[in-house]
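The values are calculated or read from the model by the stated rules, or taken from the named source; none is laboratory data. All values derive from a computational prediction rather than experimental measurement. Cβ placement follows ideal geometry from the backbone for every residue including glycine, while neighbour counts extend to all protein chains displayed.
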Amino acid sequence: MDQDRRTFLGQTGKWLVLTASAAIAWEHVLAGRPEEAPNYKATDHWWGMAIDIEKCIGCGTCVRACKTENDVPHEAFTFRTWVERYVVDPADFDHPVVESPNGGYDGFHQREVRDPTLKMFYVPKLCNHCEHSPCVQVCPVGATFESQDGVVLVDKSYCLGCRYCVQACPYGCRFIDPRTHTVDKCSLCYHRITRGLTTACCETCPTGARALADLKDPKDPIHAFLREHKVQVLKPQMATGSKMYYNGLDGSVR
Amino acid sequence: MTREASDYAHLVRMAGLFVIGVTAFVVLRWLMVPADFGVLGHYRAGAVTDNMKPPPVFAGQAACVECHADVAELRAKGRHVGVACEACHGALAAHASNPDGQKPVRPDARNTCISCHSANISKPASFPQVVPAEHAPEGSCAACHVVHNPKIS
Amino acid sequence: MPGVEGFIYPNELELQWSVLIVLYPFITGLVAGAFILASLERVFNVQAVKPTYRLALLTALAFLLVAPLPLQLHLGHPERSLEMYLTPHTQSAMAMFGFVYLWYLMVVLVLEIWLDYRRDIVLKWRASTGLSRLLYGAMALWSDNIGESALRLDDRVGRALTVIGIPSAFLLHGYVGFIFGSIKANPWWSTPLMPIVFLFSAIVSGIACILLLYFVTCWLRRVPVDMPCVDTIAKYLYYAFLVDFSLEMLDLIHRLYEADESFRALDFMVKTRLFTSQIVVQIVLGTLVPLAVLGATQLVTFTERARRALYVLAGALTMIGIFAMRWNVVIGGQLFSKSFLGYTTYKMEFATREGLLPAIALMILPLVILWVLIRLLPPWGHGGDVQDRRARM
């Protein structure tokens, strides 16, 4: 009798362990498929943006649209995207006068001194969604990462708020959301682009200075843009693999 | 002097403590690390879907044109062809999904225009701009300009 | 905008890392330095410093236990901090440092202290009652063997641990330097010299800390200071400081000479916003004066009393100077904009989570822990004298 009971218990035990392990393993297999989201296959896309300095009028519509779309805090001085105005004296190229009042949210006031010899232009900035992102490199836990379609995203439920990534970003595009105490930044409106929409900033830009680009799409205008313009990325010496391509980016831009 | 087993005993116990510690760590890891971590890369695969989840606040032009094709046609003939509806009308996804229930507010027919068209020496010279204080200072822009198809007259 | 000069990227208005993050490399530096001093006796047989051997180990432990606390207070989500151990990103210096810390705490420091003190622990276990007995029994892992053979084995293992411990101590604080030095986005931090500068300044601060603690504990115990011991410690402090100073000067000269794109912005920052903390406190008061004082004691013969006073002065100024160095690296690295066109200000608050008050408390806490450790495991008296112990074998 004892022997039978022992055998029974042993077999039940083995069976339980095996099914439990199998269930856990299956969960692992199932869990890692975000493409369960309908119609969107991440590996078919490689996102970037084409920004045309010559078209930017510094209206700030993009800054306002981003704050609206992504619930970016208004009170804290934090921005997912912002616009800078450059005033460059051609004789003093190394010392541009730059400003970004409230990130360009309310546009820019007319300058009081209007010297026609000065060179002036606007530069919209956002996360560069770097291919070799230094912020992803330094995150100690894997709370920020580059998705398979080239967008650098933040996992807000995993972020510790250590701020190492904020230090590592050469472009100053990351910040701490004072409400969640985690890091936040431009997500390239991931929730929009995976639904076939464009980003909020590109949607609302009235002059077409900003345009979302899918580098894997042969019909995307980015290819002509890159071919026909003298294109630059910000801080190329950092070799970050930035995918925000600027036409008309002056050498004085920081 | 020969060494006996009891001479090592304390070291064995300490080593045992370390083994227990490492085992506890391994078990803790198995229990606590999310199941989808590491599947796509060193991150939680669920974070990708989390980033996809928020509903759009701006509807996107295509949604507007579905109902307001006449305005889109008018716009297509003029200088505002490249200006999206929501650039002036604000975020309208709520209206697009509930057209009668969520009526948008008509944009102010002066301040909206001024936000782009007020003269500023830093803007490209080719961009149409006026000094608001000198250009029909009291009136609404819509009085002279057809907003969706503005002509410079 | 208040506190802003010139142009900064909008998100750079507030500093990311506060005084707590200044405290963290300072504390881990003291640990590494104290351990290096202890290993002078253990591995390199510098007999003169043996009165400070156990004190240095206990000090290192006390400070290492406190080291994670400023980090916990700083994190946006300290409850998630275990993630660094559960899913460490191997490319991240911060993540891998968690394991270096754990290795150093458990394998190097705790084991070494345990092996060195084991005989005393067992004796106390045998002699105590009640809660004390339970505590000491647990610390002995309920192993009673303190025979000659067992103790000799302990000594050998302990020595091996110290040998492993020295590169581990180098790794511990060199890694902290690398956490800063590997950030290419920040030219104030990004230099291959950073781990080495951090390491040597750690050694300097650790030696100075033990020197001061030794004076304080002798004074509290009303026991005469062992002059050959402090003379030797002061000598090592002097040499370590010379190396540290040379490294920092090398960095400065390099920057001045190459004058790359960041230079003008950094130079301006040092001459204005960082003038007091860098030039006055770190360089003059915290480096040149102690070097001069220590150098003088090496060249001129002073009376014992004068030497004691000079060592205390040099030690105190050194610690202040090394703290200022950490401040200048961490805070200085965040005062200038990455556009190199502007500066912001650090507004240190007082009684907030990352303010001055918790910083002060976290500097006092290790001394409290040290006091407890000294009560539990006295570094002096029977068995505390290493020569005594080894003579008995």
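Out of C:106, C:139, one residue alone is out of contact with any strand residue (DSSP E or B) (no Cβ under 6 Å at 6 or more places or on another chain) and more than 9 Å from every other protein chain (Cβ to nearest Cβ). It is C:139.
Yes/no matrix, rows are residues, columns are (1) over 19 Å from the mean Cα position of the chain (by Cα); (2) assigned to a loop (DSSP other than H, G, I, E, B); (3) among the polar types (S, T, N, Q); (4) within 14 Å of chain A (Cβ to nearest Cβ):
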position	(1), (2), (3), (4)
C:287	no, no, yes, no
C:294	yes, no, no, no
C:308	yes, no, no, no
C:316	no, no, no, no
C:327	no, no, no, no
C:340	yes, yes, no, yes
C:347	yes, yes, no, yes
C:360	no, no, no, no
C:365	no, no, no, no
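Only one of the numbered conditions (1) free of Cβ contacts under 8 Å to residues at least 12 places away in the same chain; (2) within 22 Å of residue A:239 (Cβ to Cβ) is violated by residue C:246, and that is (2).
Could you count how many residues in region B:40-65 are outside any loop (DSSP other than H, G, I, E, B), more than 18 Å from residue B:83 (Cβ to Cβ) and not basic (Lys, Arg)?
As a first pass, look at region B:40-65 and keep what is outside any loop (DSSP other than H, G, I, E, B): B:44-52, B:61-65.
Add one more test, that the residue is more than 18 Å from residue B:83 (Cβ to Cβ), and what stays is B:44-52.
Still in the running and not basic (Lys, Arg): B:45-52.
Total meeting the criteria: 8.
Which residue out of B:128, B:56, B:124 is within 23 Å of residue A:65 (Cβ to Cβ) and at pLDDT 95 or above? It would help to see each step written out before you state the result.
On the way: B:128 fails: at pLDDT 95 or above; B:124 fails: at pLDDT 95 or above.
After applying the criteria, what remains is B:56.
Across region C:66-77, which residue is farthest from the other protein chains (Cβ to nearest Cβ) among those that are in a helix (DSSP H, G or I) and either among the small types (Gly, Ala, Ser) or touching a Leu at 6+ places or on another chain (Cβ under 8 Å) (or both)? Residue satisfying both the conditions and the ranking: C:66. Filtered by the rule that a residue be of a type in the set (Val, Ile, Thr) and more than 12 Å from chain B (Cβ to nearest Cβ), region A:39-64 gives a lone residue, A:51.
Only one of the numbered conditions (1) within 7 Å of another protein chain (Cβ to nearest Cβ); (2) crowded, with 24+ Cβ neighbours inside 10 Å; (3) within 30 Å of residue B:127 (Cα to Cα) is not met by residue A:138, and that is (3).
Please enumerate the residues belonging to region A:75-88 that are within 14 Å of chain B (Cβ to nearest Cβ) and not in a strand (DSSP E or B). If the condition is that a residue be within 14 Å of chain B (Cβ to nearest Cβ) and not in a strand (DSSP E or B), then A:80 is the only one that fits. Residues in region C:233-278 that are surrounded by 15 or more Cβ atoms within 10 Å (Cβ to Cβ), farther than 29 Å from residue C:56 by Cα and β-branched (Val, Ile, Thr): C:270 alone. Annotation: of all residues in region A:164-204 being within 7 Å of another protein chain (Cβ to nearest Cβ) and among the aromatic types (Phe, Trp, Tyr), the one that is nearest to the chain's Cα centre (by Cα) is A:190. Residue count for region B:95-135 under the criterion of being surrounded by 13 or more Cβ atoms within 10 Å (Cβ to Cβ), free of Cβ contacts under 8 Å to residues at least 12 places away in the same chain, in a loop (DSSP other than H, G, I, E, B) and out of contact with any Lys or Arg (no Cβ under 8 Å at 6 or more places or on another chain): the result is 4. Looking only at residues that are facing chain A (nearest Cβ under 7 Å) and either crowded, with 20+ Cβ neighbours inside 10 Å or touching a residue at least 12 places away in the same chain (Cβ under 8 Å) (or both) in region B:62-86, which one is farthest from the chain's Cα centre (by Cα)? Applying the filter and picking the extreme gives B:83.
Yes/no matrix, rows are residues, columns are (1) surrounded by 20 or more Cβ atoms within 10 Å (Cβ to Cβ); (2) assigned by TED's automatic domain parsing to the domain that holds residue C:22; (3) closer than 30 Å to residue C:82 by Cα; (4) modelled with pLDDT under 95:
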{"residue": "C:126", "(1), (2), (3), (4)": "no, yes, no, yes"}
{"residue": "C:142", "(1), (2), (3), (4)": "no, yes, no, yes"}
{"residue": "C:157", "(1), (2), (3), (4)": "no, yes, no, yes"}
{"residue": "C:160", "(1), (2), (3), (4)": "no, yes, no, yes"}
{"residue": "C:176", "(1), (2), (3), (4)": "yes, yes, yes, yes"}
{"residue": "C:203", "(1), (2), (3), (4)": "yes, no, yes, no"}
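Suppose we filter A:92, A:106, A:115 for residues that are in the same structural domain as residue A:189 (by TED's automatic domain parsing), in contact (Cβ under 8 Å) with a residue 12 or more places away in the chain and on the phi < 0 side of the Ramachandran plot; which single one remains?
On the way: A:92 fails: in contact (Cβ under 8 Å) with a residue 12 or more places away in the chain; A:115 fails: in contact (Cβ under 8 Å) with a residue 12 or more places away in the chain.
So the residue among A:92, A:106, A:115 that is in the same structural domain as residue A:189 (by TED's automatic domain parsing), in contact (Cβ under 8 Å) with a residue 12 or more places away in the chain and on the phi < 0 side of the Ramachandran plot is A:106.
Would it be correct to say that residue C:165 is at pLDDT 95 or above, within 30 Å of residue C:92 (Cβ to Cβ) and surrounded by 23 or more Cβ atoms within 10 Å (Cβ to Cβ)? For residue C:165, the condition - at pLDDT 95 or above, within 30 Å of residue C:92 (Cβ to Cβ) and surrounded by 23 or more Cβ atoms within 10 Å (Cβ to Cβ) - is not met. In the set (1) among the hydrophobic types (A, V, I, L, M, F, W, C); (2) within 10 Å of another protein chain (Cβ to nearest Cβ); (3) over 29 Å from the mean Cα position of the chain (by Cα), the condition left unmet by residue B:144 is number (2). The combined condition, being modelled with pLDDT of 95 or more, surrounded by 18 or more Cβ atoms within 10 Å (Cβ to Cβ) and either assigned by TED's automatic domain parsing to the domain that holds residue C:28 or assigned to a helix (DSSP H, G or I) (or both), is not fulfilled by residue C:170. Checked against the criterion of being over 17 Å from the mean Cα position of the chain (by Cα), aliphatic (A, V, I, L, M) and within 12 Å of chain C (Cβ to nearest Cβ), region A:150-163 has at least one qualifying residue. One residue stands out among those in region A:65-74 that are touching a residue at least 24 places away in the same chain (Cβ under 8 Å) and more than 9 Å from every other protein chain (Cβ to nearest Cβ): the one that is surrounded by the most Cβ atoms within 10 Å (Cβ to Cβ), which is A:66. Of all the criteria given as (1) touching a strand residue (DSSP E or B) at 6+ places or on another chain (Cβ under 8 Å); (2) over 25 Å from residue B:31 (Cβ atoms), the one not satisfied by residue C:65 is (1).
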